[in-house]
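Here the structure is laid out as structure tokens; the discussion comes afterwards.
The values are calculated or read from the model by the stated rules, or taken from the named source; none is laboratory data. Please read these numbers as outputs of a predicted model, since none were measured by experiment. Here the Cβ positions follow ideal geometry from the backbone for every residue, glycine too, while neighbour counts run over all protein chains shown. Surface areas here come from the heavy atoms of the whole protein model, side chains and all, with no ligands, DNA or RNA. Shrake-Rupley method; radii C 1.70, N 1.55, O 1.52, S 1.80 Å.
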Amino acid sequence: MTRVTSDLPFGSEFSPSQIDLLELLAMAAANTGGNAALQAAIKTRYFSTHGGTASTAEKNRKTLAMNCRLGMKAYGIIDESANLTPFGQTLAALTDEPTLYDHLGRHILVSLNGLPFVRTIQEMVGAGERVTLDSLRQALMDRAALHFPRGGKHPSMMRLWLAKAGVFVGAGWQVDELRVRTLIGMDSGDYAQLARFTPEQRAFLLALCNTGSPDPQPANEVAKLASATYGVRFPDKSLPKSVLNDLVVAGYITATKTTAGRGAKPFLVAPTAKLTAEVVQPLLDRMGDQVDPKLLDILNRPLAEIIEEVGSKDRYIAGLA
């Protein structure tokens, strides 16, 4: 069955090259609760002169206005009934464009798969790949398990809005890493680190966040919560080696071995400020369908090297390639 959904937001006609976001937000605030009223306002302001034959021009204008409204919905600004969402209300309360674009850029990076989108582009450039809509579509599937429809303008619209926030510079796909960190408090390298954790490690971090406690607690109890919530299984005796050690080294948890009493005692784990940062949990939530972490490093290398390793005598290396 053909997949028709998208992991990147639909953005056709919701584009900074076609609309003024401050003005559009004011329209949405003045036409809440009515798709027809909002679409009529959008059509009159932005698409009233759009061409076409005498019999098709008006229909085309209505379609463009509808697409713009659907783009606002896909970006989380309005709901199904054209009411401003809480995020949309936050945007509508802003009065200057730089702050507005910063808020939208942060929302895209954290909540709309913008960070894996940016990271994939950086990895493509690093591997010597040419970034086009076709090559990006395949790379997003391979590296981040993200899909958008063939021929869709979803990445182009996302790039334009992120460029308004300073994430992309120039007319191409060059990323300003400092702007990413300024907007969300982490850069794409931090995201790559999260992406390379195993599903068990990510589930453990989410479960630790879900306890809501900053205090040290038994690691085996957190693992039980992760198993019950996310359906992953943890080893009975090697939890520190297989799960905890990497999380400690990465700075997301502290782990203290308890020695009092007889018998094996579980480690006590606690979240660090790095884990409790506002952006980490939504990013972890969106990694549920991430590709196998073992493949990420090899995907970032030039294709010629990968092809060469297909013939390696090391069966593990050849298998990955």
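Brief remarks on what is shown
- If you go through segment 117-139 and keep only what is open to solvent by 10 Å² or more (accessible area, probe 1.4 Å) and either within 14 Å of the chain's Cα centre (by Cα) or aliphatic (A, V, I, L, M) (or both), you end up with Arg119, Val125, Ala127, Val131, Leu133.
- Search result, residues across segment 57-79 that are closer than 14 Å to Ala28 by Cα and touching a residue at least 24 places away in the same chain (Cβ under 8 Å): Ala65, Met66, Cys68, Arg69, Leu70, Gly71, Met72, Tyr75, Gly76, Ile77, Ile78
- Residue within segment 200-218 that is closer than 23 Å to Val279 by Cβ, modelled with pLDDT of 85 or more and touching a Pro at 6+ places or on another chain (Cβ under 6 Å) present: yes
- Test result for Pro149, under 24 Å from Leu178 (Cβ atoms) and open to solvent by 20 Å² or more (accessible area, probe 1.4 Å): no
- For segment 113-134, a tally of residues being of a type in the set (Ser, Thr, Tyr) and part of a loop (DSSP other than H, G, I, E, B) returns 1.
- Of residues in segment 232-249 being of a type outside the set (D, E, K, R) and without any contact (Cβ under 8 Å) to a residue 12 or more places away in the chain, the one surrounded by the most Cβ atoms within 10 Å (Cβ to Cβ): Val248
- Filter result for Val110 (in contact with a strand residue (DSSP E or B) (Cβ under 7 Å, 6 or more places away or on another chain), part of a helix (DSSP H, G or I) and not polar (S, T, N, Q)): no
- When Phe148 is tested against (1) over 26 Å from Glu278 (Cα atoms); (2) free of Cβ contacts under 8 Å to residues at least 12 places away in the same chain, just one condition goes unmet, and that condition is (2).
- Selection within segment 264-281: residues that are closer than 12 Å to Pro214 by Cα and of a type in the set (S, T, N, Q). The member of this set that is surrounded by the most Cβ atoms within 10 Å (Cβ to Cβ) is Thr272.
- If you go through segment 54-74 and pick out every residue that is part of a loop (DSSP other than H, G, I, E, B) and open to solvent by less than 80 Å² (accessible area, probe 1.4 Å), you end up with 1.
- As a summary of the residue check, Met287 satisfies the conditions (1) part of a loop (DSSP other than H, G, I, E, B); (2) open to solvent by 60 Å² or more (accessible area, probe 1.4 Å); (3) at pLDDT below 75 except for the one numbered (2).
- Residues satisfying the stated conditions in segment 176-203, i.e. closer than 19 Å to Leu104 by Cβ, open to solvent by 60 Å² or more (accessible area, probe 1.4 Å) and assigned to a loop (DSSP other than H, G, I, E, B): none
- Verdict on Ala29 being farther than 29 Å from Leu109 by Cβ and at pLDDT 90 or above: no
- Scanning segment 135-151 for residues that are assigned to a helix (DSSP H, G or I) and modelled with pLDDT of 85 or more turns up Ser135, Leu136, Arg137, Gln138, Ala139, Leu140, Met141, Asp142.
- Screening segment 75-99 for residues that are among the aliphatic types (A, V, I, L, M) and part of a helix (DSSP H, G or I) and picking the one that is most open to solvent (accessible area, probe 1.4 Å) gives Ala92.
- Check on Thr229, part of a helix (DSSP H, G or I), touching a helix residue (DSSP H, G or I) at 6+ places or on another chain (Cβ under 9 Å) and open to solvent by 80 Å² or more (accessible area, probe 1.4 Å): no
- Only listed residue being open to solvent by 50 Å² or more (accessible area, probe 1.4 Å), over 30 Å from Val248 (Cβ atoms) and at pLDDT 85 or above, chosen from Trp173, Trp161: Trp173
- In segment 1-43, residue most open to solvent (accessible area, probe 1.4 Å) [restricted to those that are closer than 19 Å to Gly114 by Cα and among the hydroxyl-bearing types (Ser, Thr, Tyr)]: Thr5
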